[in-house]
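Okay, so here's the structure we're looking at.
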Amino acid sequence: MQLNDRIYRIALIEDDGPLRTLLVRQIKQSGFPIRAYATAAEFKAADDPYDLVILDIMLPGTSGLDLCRTLRQTSEVPIIFISARSSPTDRIVGLELGADDYLVKPIDPAELIARIRSVLRRSEREGVGSGGDRENVVRFDGWTMDRRRRELTAPEGGRVSVSDAEFDLLGVMLDMPQRVIGRETLLEKSRDRLPGSDTGDRSIDVLVSRLRRKLGVVDGGRDLIRTVRGVGYVFTGQVER
C-alpha cells in the first residue's frame, strides 16, 4: 500500500492456517504487499524487509510476546498484536511491551486493515515530526542505510542482504567515518550480534571481509573499509545524514 509515496510491506505471524490465509488475501486486496509465517522462527529465519508486523501472541515455540521483546531491542517497526486474550491486563501487557495496537479475535479483516492504515499514518507523522527518519537514514557513496527498517540499499537501488552483525558493524563505522576504529571497539559494539561463541578479533575480521565483498569498491578501486595493520579499520566513504 502506498502512503505519502511510500509502499509499506506487512509481515504476518499467525499459526492458525485458515485465519492466516484469510488475512493475507484481504490485506493483499487492500494493496499491501504481505508475507505470512506460521511461527516466530520462520519469520526470523526469512529475514525479509517489512514496515509493519501483525503478531499473534499464542504462537508455538517462541511466543508473540517474546518476539515483540526481541524486535524492540533493535527496531521501532510498528507492531499490531492479534490475540484471543481479551482481558484488560493482556492488552496492557502487550502495549507496554511496545506494541502499537491490540486486536482481539475473532478478527474483522476490515477493522484490521483500518488499524494498519492508522498505525502507519501515526508512525509516519511521528517520524517526520521528531526528525526520526532523517536520523535513521544514512547515505554514503550512493549507498543508503535505513537503521529503523534495518535495510541496506545499493547505489543502483537493489537491497543488499546483510546479517545483523554485519549491519551493526557497518553502523558503528558510519558513526565514526574517516577515523581509525580499533578491533576492541568494534568487538564491543557488535558482541551481542556475533554468532555462537566466536567473539574474538578474528570474528571482526571475518565480518569486515564479508562487508567488503558486499560493498564492493568505488572510485575505480577504492575500498570503503581500509585496514590499519595491527590496529583496526577506517571507513573511507563520504557519509551524509
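The values are calculated or read from the model by the stated rules, or taken from the named source; none is laboratory data. Fair warning: this is a prediction, and the values are worked out from it, not measured in the lab. Backbone-built Cβ (ideal geometry, glycine too); neighbour counts: all protein chains shown.
Across region 51-83, the qualifying residues are those that are hydroxyl-bearing (Ser, Thr, Tyr) and under 15 Å from the mean Cα position of the chain (by Cα), and the one among them that is surrounded by the fewest Cβ atoms within 10 Å (Cβ to Cβ) is Thr70. Among the residues of region 36-44, is there at least one that is touching a Gly at 6+ places or on another chain (Cβ under 9 Å), outside the structural domain of Asp168 (by TED's automatic domain parsing), surrounded by 20 or more Cβ atoms within 10 Å (Cβ to Cβ) and not small (Gly, Ala, Ser)? The answer is no, given that none of the residues of region 36-44 is touching a Gly at 6+ places or on another chain (Cβ under 9 Å), outside the structural domain of Asp168 (by TED's automatic domain parsing), surrounded by 20 or more Cβ atoms within 10 Å (Cβ to Cβ) and not small (Gly, Ala, Ser). Within region 150-172, restricting attention to residues that are crowded, with 19+ Cβ neighbours inside 10 Å and out of contact with any Leu (no Cβ under 8 Å at 6 or more places or on another chain), the residue that is nearest to Phe235 (Cα to Cα) is Asp168.
Listed here are the residues, each with its yes/no results for (1) hydrophobic (A, V, I, L, M, F, W, C); (2) closer than 23 Å to Ala46 by Cα; (3) within 18 Å of the chain's Cα centre (by Cα); (4) modelled with pLDDT of 90 or more.
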residue: Asp164; (1), (2), (3), (4): no, yes, yes, no
residue: Asp175; (1), (2), (3), (4): no, no, no, no
residue: Glu188; (1), (2), (3), (4): no, no, no, no
residue: Asp192; (1), (2), (3), (4): no, yes, yes, no
residue: Ser203; (1), (2), (3), (4): no, no, no, no
residue: Leu215; (1), (2), (3), (4): yes, yes, no, yes
residue: Gly221; (1), (2), (3), (4): no, no, no, no
residue: Val239; (1), (2), (3), (4): yes, no, no, no
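Within region 10-30, take every residue that is within 24 Å of the chain's Cα centre (by Cα) and farther than 24 Å from Pro60 by Cα and give me the one that is surrounded by the most Cβ atoms within 10 Å (Cβ to Cβ). Ranking the qualifying residues of region 10-30, first place goes to Ser30.
Applying the set (1) touching a residue at least 60 places away in the same chain (Cβ under 8 Å); (2) of a type in the set (Gly, Ala, Ser); (3) out of contact with any helix residue (DSSP H, G or I) (no Cβ under 9 Å at 6 or more places or on another chain) to Ser87 leaves exactly one unmet item: (1).
Quick check, is Arg25 free of Cβ contacts under 8 Å to residues at least 12 places away in the same chain and among the charged types (D, E, K, R)? Yes: the conditions hold for Arg25.
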